[in-house]
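Taking it in order: structure first as structure tokens, then the write-up.
The values are calculated or read from the model by the stated rules, or taken from the named source; none is laboratory data. Just so it is clear, the model here is predicted, and its values are computed rather than measured. Cβ coordinates were reconstructed from backbone atoms using ideal geometry, including for glycine residues, and neighbour counts include every protein chain displayed. Accessible surface areas use protein heavy atoms only, side chains included; no ligands, DNA or RNA. Shrake-Rupley method; radii C 1.70, N 1.55, O 1.52, S 1.80 Å.
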Amino acid sequence: MGRLAQTDGLTEIQRDILATVRDFVDKEIIPVATELEHKDEYPTAIVEGMKQLGLFGLTIPEEFGGLGESLLTYALVVEEIARGWMSVSGIVNTHFIVAHMINAHGTQEQKEYFLPRMAAGEIRGAFSMSEPGLGSDVAAISTKGVKDGEFYVLNGQKMWLTNGGTSTLVAVLCKTDEGGSTPYKNMTTFLIEKEPGFGPNPKVPGLTVPGKIEKMGYKGVDTTELVLQDVRIPADRILGGVPGRGFYQMMDGVEVGRVNVAARGCGVARRAFELGISYAQQRTTFGKKIAEHQAIQFKLAEMATKVEAAHQMMVMAARKKDSGERNDLEAGMAKYLASEYCKEVVEDAFRIHGGYGFSKEYEIERLYREAPMLLIGEGTAEIQKMIVGRRLLEEYRLAD
């Protein structure tokens, strides 16, 4: 293990968790990741291994059967998993976001009902905010929930659900129009339990997961649409029990999700650096290893600096959230920096590999297709810069 991306101030428990996950990644994920990714095959054995390690309950409080660890611990675990295969970190991430939202905003009954089974990996979560005509403009939401006695009737179409097919619980944001003064106060999060699989759902009449969306990268994990046609959901499945709070609940989930995406970028970039520096010491041109050429040494230096900078920014954002302070500025910075640097480090590793980087026999080919997803997941670079810019103006506003 090299000196890059080390984290100061960890407890012995945190170090033990990370060592265990790193060993799992090296033995159970990296050797099979490229083959499974090329087949677009769901990593069932890997997921079972993560369940046994307790990773699905990593941040769920101990009173609900989890390990009760911090966002920092979770982010560092995600960094290690993404180093092995980014798709696997996506399987954990949406589950983590939903568990976080239930723990932070759910009723006591919702916590007691969902969290113990989520900690055990028996229930696996998916997060549904986006729509075909809606990306970052959440106010344009069109999926609607209409109150009907003790139920709500949901109609609409959602998009880009990671774990949409394999999940058994989906947190779905809907427009409810129940008297809020702004669009953001007229949104509600519903917790929908369903059967895993594709097509019409046998457990929830009117709910359909049409099938997997074919993607350039980020394969293995299923990404889907979600169609709701007169789906009846009990009012007690509103997250927190009160309508109109959905936007703020979802934004809290996205905020921790941005730290997660930053961690994924750090993990992929670190793996790309490892591959690049290893290959540079094996390949010979003009009578010497390419690592001895100054041009390659400069490239390796730039890559390592970016890996280190992104990691430290991600750690800062996670610790800020763990402290109870507002961290949208730091999370936005971390997500922006880590995803952009990840793209650059992966491309440099690809260039170091030369023609072999274009071959599917080499791992860097997979990373080259995976990195672009991080540029758009949990908000594009432009959205992050808008958030950061607004927060900076709040912090540095001149007195009138």
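Results, tabulated for the structure shown:
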| item | result |
| --- | --- |
| Unmet requirement for E35, which otherwise passes all of (1) over 19 Å from the mean Cα position of the chain (by Cα); (2) part of a loop (DSSP other than H, G, I, E, B) | (2) |
| Flag for L367 being out of contact with any Pro (no Cβ under 8 Å at 6 or more places or on another chain), modelled with pLDDT under 95 and either of a type outside the set (F, W, Y) or open to solvent by 10 Å² or more (accessible area, probe 1.4 Å) (or both) | no |
| Top-ranked residue of region 172-201 - restricted to ones that are surrounded by fewer than 16 Cβ atoms within 10 Å (Cβ to Cβ) and polar (S, T, N, Q), ranked as farthest from T162 (Cα to Cα) | S181 |
| Residues of region 143-152 satisfying the condition of being open to solvent by 30 Å² or more (accessible area, probe 1.4 Å), closer than 13 Å to D177 by Cα and of a type outside the set (D, E, K, R) | V146 |
| Which listed residue is open to solvent by less than 60 Å² (accessible area, probe 1.4 Å) and over 27 Å from F56 (Cβ atoms), from N103, N155 | N155 |
| The lone exception for G379 - which of (1) open to solvent by less than 30 Å² (accessible area, probe 1.4 Å); (2) assigned to a helix (DSSP H, G or I) it fails | (2) |
| Of all residues making up region 309-335, the number that are of a type in the set (D, E), open to solvent by 40 Å² or more (accessible area, probe 1.4 Å) and within 18 Å of the chain's Cα centre (by Cα) | 1 |
| Pairs with Cβ under 6 Å, 6+ apart, first in region 60-83 and among the aliphatic types (A, V, I, L, M), second in a helix (DSSP H, G or I) and open to solvent by 20 Å² or more (accessible area, probe 1.4 Å) | L71/K321; L71/D322; L72/R319; L72/D322 |
| Any hit, region 287-294, residues being more than 29 Å from V146 (Cα to Cα), in contact (Cβ under 8 Å) with a residue 12 or more places away in the chain and open to solvent by less than 60 Å² (accessible area, probe 1.4 Å) | yes |
| Residue within region 81-101 that is of a type in the set (S, T, N, Q) and under 22 Å from M316 (Cβ atoms) present | yes |
| Output for region 155-210, where each listed residue is at pLDDT 95 or above, on the phi > 0 side of the Ramachandran plot and not in a loop (DSSP other than H, G, I, E, B) | G156, G199 |
| Test result for G276, over 18 Å from the mean Cα position of the chain (by Cα), over 22 Å from H95 (Cβ atoms), of a type outside the set (F, W, Y) and at pLDDT below 95 | no |
| Residue in region 108-142 that is surrounded by the fewest Cβ atoms within 10 Å (Cβ to Cβ), counting only those that are charged (D, E, K, R) and in a helix (DSSP H, G or I) | E109 |
| Extreme residue, nearest to the chain's Cα centre (by Cα), among residues of region 336-349 that are open to solvent by 30 Å² or more (accessible area, probe 1.4 Å) and either of a type in the set (D, E) or within 10 Å of F273 (Cα to Cα) (or both) | E340 |
| Condition check for T224: touching a strand residue (DSSP E or B) at 6+ places or on another chain (Cβ under 7 Å), open to solvent by 10 Å² or more (accessible area, probe 1.4 Å), of a type in the set (S, T, N, Q) and not in a loop (DSSP other than H, G, I, E, B) | no |
| Any pair with Cβ under 6 angstrom, 6 or more apart, that starts in region 255-269 at a residue that is within 13 Å of V346 (Cα to Cα) and ends at one that is among the charged types (D, E, K, R) and assigned to a helix (DSSP H, G or I) | C266/E79; G267/E79; G267/R83 |
| Qualifying positions in region 80-107 - under 16 Å from V32 (Cα atoms) and in a helix (DSSP H, G or I) | E80, I81, A82, R83, G84, M86, S87, V88, S89 |
| Criterion violated by V78 - all others in (1) open to solvent by 70 Å² or more (accessible area, probe 1.4 Å); (2) closer than 25 Å to E308 by Cα satisfied | (1) |
